[in-house]
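*Asks:* Please find one structure pasted underneath; my questions will follow.
Throughout, read-outs are computed from the coordinates displayed, never taken from laboratory work. No experiment lies behind these values; they were computed from the predicted model shown. For neighbour counting, all protein chains shown are included, and Cβ atoms are generated from backbone atoms with ideal geometry for every residue, glycine included.
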Amino acid sequence: MAVKEKEVQEELDIFSSTIRGFAQEKIAPVAASIDENHQVPSGLMEEMKEMGMFGVPFPEEYGGSGFGWRAYYMMVEELAKIEGSIPAIIGAHTTIASNTIYVAGTDEQKRKYLTPLAQGEYLGAFALTEPGAGSDAAGIRTMAKKDGDDWIINGSKCFITNAPSADVFVVFAKTDMEKGARGGITAFIVEKGAEGLSIGKVEKKLGIRGSETSDVILDNVRVPSSQVLGEVGEAFKYAMRVMQNGRLSIAAQSLGLAKGAFEMAVEYAKERQQFGKSIASFQSIQNKIAEMKMEIFAIESMLESAIRLMEEEKPFNLEGSIVKAYASEKADAIINESLQVFGGYGYTMDFPIERMLRDSRINRIYEGTSEIQRVVIAKEVFRG
C-alpha cells in the first residue's frame, strides 16, 4: 500500500472508530425508545449535527466534512449495527436530497441550500415517489407549469422520508407531458412553509419507526425559476444518478444490520448453556454462524467493489443494483438466522434482534425494490 493510501486508510479507520464509539455510547441506550416512541431524540440529532454526520461526503466549501463517500458508507454501516432509523434519516437526507443539489445545483443554490443541509441546520427530503409511480418513477403525474418567471407545481408524493420535519424538499415534476422521462421531468427546490405545500399523516411502519414518512401535497405551489435544479427537463437523469449513491447506502445499511445481529448471535452462542455446555459447541449452531459469516463477507466484497468503481469515476450502475439487492435480501436472512440462535428470547423485545429484523425489511423496498434491481441488472447484462 502506498504511503498516501495508508494515511487515508488510517484516517478512515479513526473516523469509523469514532462513529462506532458514538453509536455504542449515545445511540444504543435509546435505540429501543426510538422504536417505541417513533422519534429520534432532538438532543441526539443535535449531537449528530455537531459531529458533522449530515454532510460527510460533501466538500468543506459547501459545509460538508469533506471525507468522501467511502467514509459516509462506513458511517452508515456503523450506525446500522446499533439502530436502523438513524441511517435511514441520514441516507435520505444525504444521498438523494442533498446530493441532487450537489450534482445539479448552481454555486448559488449550493451555498444557499447545500451548506445548511450539510451542516445539519436543515433536513432534506427527496420527493419523487407518487401513489401511481413507485417503481415506475418516470410515470409521475405531479406537474409544473411556467407562469412568467415562476413555476406552479401541482401534485402529490407518497412515502417521503423526512417529510414531516424537512426544511428543504427536492421535488420532481413533469414539465413536458409528451417527452416524459427523456426531457420532460424537472427538479425544483421547495422550502418548508411554501404556500400550498402541506404534509400528510405520518405513516405507521413495521420498522425504522424513528424515521418519519408521509405524503407531500403540492397545491399551486409557486416557486421562482431560481429554484429549478439543473436544466429544465433533465431531472430524471439526476434522480437516477443520485439513486446510485443511495443504493450503496442501503447496501451499507443492510451490511451494518446484518453484522450487528451476527455479532450478537456469536456472543449469545458463547454464553448460552444447554445440555451442560455452550451452544457454540453444537455443529448446527456452528453451521449457522459459518453460513452467516460467508454471506457477510460476500456483501462486504461486493460493496467494496462498487465503491472502488465509484472512486475511480467508472460506471457502477450494474454493481450498485447487484449489491443493493443482494445485501438487503441476505441481511434479512442473516438477522433471521441470528434470531434463531437466540431461540425464544430472540422473539421478545428484551433483545434487539426482533427490532433489527423489522428495521431491515424496508431495505428490499426503498431506493428501488429487489425486483426493479433485477430489471436493471438484466438490462445492463444484455446491453453488454
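*Asks:* Among the listed pairs K277/K330; K26/K192; K146/K237; K293/K314; K293/K324, which have their C-alpha atoms separated by more than 24 angstrom in this model? If you can, show how the numbers build up before the last one.
*Replies:* Details: K277/K330 30 Å; K26/K192 29 Å; K146/K237 21 Å; K293/K314 29 Å; K293/K324 18 Å.
The pairs that break the limit, which is 24 Å between Cα atoms, are K277/K330; K26/K192; K293/K314.
*Asks:* Starting from the amide H of G196, placed 1.01 Å from N in the peptide plane, find each other amide H under 5 Å away whose residue is 5 or more places distant or on another chain.
*Replies:* For G196, whose amide H was placed from the backbone, there are no distant partners under 5 Å.
*Asks:* Around G230, which amide H atoms from residues at least 5 apart in sequence, or from another chain, sit under 5 Å from its own amide H, with H modelled in the peptide plane?
*Replies:* Under 5 Å from the amide H of G230: T106.
*Asks:* Whole angstrom only: what separates the Cα centroid of segment 180-227 from the Cα centroid of segment 343-358?
*Replies:* Taking the Cα centre of segment 343-358 as reference, the centre of segment 180-227 is 35 Å away.
*Asks:* Shifting gears a bit: Around F159, which amide H atoms from residues at least 5 apart in sequence, or from another chain, sit under 5 Å from its own amide H, with H modelled in the peptide plane?
*Replies:* S214, D215
*Asks:* Taking the Cα-to-Cβ direction at R241 and at D176 and moving 7 Å from each Cα, how far apart do the two end points lie in nm?
*Replies:* 1.8
*Asks:* To the nearest whole percent, what portion of all C-alpha pairs in segment 295-378 is separated by more than 19 angstrom?
*Replies:* Values: 1637 of 3486 pairs.
Here the long-distance tail beyond 19 Å is 47 percent of all Cα pairs in segment 295-378.
*Asks:* Can you give the calculated 222 nm mean residue ellipticity of the chain, where each DSSP H run of n ≥ 4 adds -39,500 (n - 2.57) and the sum is split over every residue, rounded to the nearest 500 deg cm²/dmol?
*Replies:* Numbers: 12 runs with 181 residues, N = 384.
Calculated from helices alone, the mean residue ellipticity at 222 nm is -15500 deg cm²/dmol.
*Asks:* Put +1 on the Cβ of every Lys and Arg and -1 on every Asp and Glu Cβ in segment 22-159; which of H93, G43, G155 then has its Cα farthest towards the positive end of the dipole?
*Replies:* So the residue we want is G155.
*Asks:* Moving on to the next point. Once fully extended, how much extra length lies between M349 and D149, figured as 0.36 nm per residue of separation less the alpha-carbon to alpha-carbon distance? Please report the intermediate quantities before stating the final value.
*Replies:* Numbers: separation 200, 0.36 × 200 = 72.00 nm, distance 5.55 nm.
Stretched fully, the M349-D149 segment lengthens by 66.5 nm.
*Asks:* Between exposed chymotrypsin sites (Phe, Trp or Tyr not before Pro) in the chain, where DSSP calls loop and at most 15 other Cβ atoms lie within 10 Å, what's the longest gap?
*Replies:* Working: sites that count: F275, F282.
So the longest stretch without any such site is 1-274.
*Asks:* Could you check the simple spin-label distance between S301 and S165, using points 7 Å along Cα→Cβ, in nm with one decimal?
*Replies:* Going from the S301 label point to the S165 one covers 3.9 nm.
*Asks:* Can you find, among L318, Y347, F382, the residue sitting farthest towards the positive end of the charge dipole of segment 237-383, where Lys and Arg contribute +1 and Asp and Glu -1 at Cβ?
*Replies:* Value: F382.
*Asks:* Ok, one more. Under 8 Å for C-alpha pairs, at least 6 residues apart: give me the relative contact order for segment 237-383, rounded to a whole percent.
*Replies:* Numbers: 155 pairs, mean separation 47.7, N = 147.
The normalised contact order for segment 237-383 reaches 32 percent.
*Asks:* When the Karplus curve 6.51 cos²θ - 1.76 cosθ + 1.60 is applied with θ = phi - 60°, which whole-Hz ³J(HN,Hα) does each residue of segment 309-322 get, with x for Gly and Pro?
*Replies:* Using θ = phi - 60°, the values come out as 4, 4, 5, 8, 6, 9, x, 9, 4, 4, 5, x, 5, 4 Hz.
*Asks:* Given Cα pairs under 8 Å that are at least 6 residues apart, what percent is the relative contact order of the chain?
*Replies:* Working: 694 pairs, mean separation 60.2, N = 384.
After rounding, I find 16 percent.
*Asks:* Dipole magnitude of the chain about its Cα centre, charges +1 at Lys/Arg Cβ and -1 at Asp/Glu Cβ only, in debye to the nearest 20? Provide the component values of the computation, followed by the final result.
*Replies:* Values: 43 positive and 55 negative charges, 200 e Å.
With Lys and Arg at +1 and Asp and Glu at -1, about 960 debye.
*Asks:* Moving on. Just to be sure I understand the model, the point goes 7 Å from the Cα along the line to the Cβ. What's the resulting N336 to K204 distance in nm?
*Replies:* Each label point is offset 7 Å from its Cα along the Cβ direction, giving 2.6 nm.
*Asks:* What list of whole percents do you get for P(r) of segment 3-118, with Cα-Cα distances grouped in 10 Å bins up to the one holding the largest distance?
*Replies:* Going from the shortest bin to the longest, the percentages are 14, 44, 31, 11, 1.
*Asks:* So how strong a dipole does segment 72-203 carry about its Cα centre when Lys and Arg Cβ are +1 and Asp and Glu Cβ are -1, to the nearest 20 debye? Intermediate results must be reported in sequence, preceding the final value.
*Replies:* Details: 13 positive and 17 negative charges, 48 e Å.
Dipole magnitude for segment 72-203 comes out near 240 debye.
*Asks:* Give a residue-ordered list of calculated ³J(HN,Hα) values for segment 348-362 (Karplus: 6.51 cos²θ - 1.76 cosθ + 1.60, θ = phi - 60°; whole Hz; x for Gly, Pro).
*Replies:* Coupling constants for segment 348-362: 9, 7, 6, 10, x, 4, 5, 5, 5, 5, 5, 5, 6, 4, 5 Hz.
*Asks:* Per 0.36 nm of contour for each residue apart, how much would the distance between T18 and E380 grow if the chain were fully extended, relative to their Cα-Cα spacing?
*Replies:* On the way: separation 362, 0.36 × 362 = 130.32 nm, distance 3.81 nm.
Taking 0.36 nm per residue and subtracting the Cα distance, the gain is 126.5 nm.
*Asks:* So, one more: Using θ = phi - 60° and the Karplus form 6.51 cos²θ - 1.76 cosθ + 1.60, what ³J(HN,Hα) does each residue of segment 153-166 get, whole Hz, x for Gly and Pro?
*Replies:* Values per residue, Gly and Pro as x: 10, 9, x, 9, 10, 9, 6, 8, 5, 6, 3, x, 10, 5 Hz.
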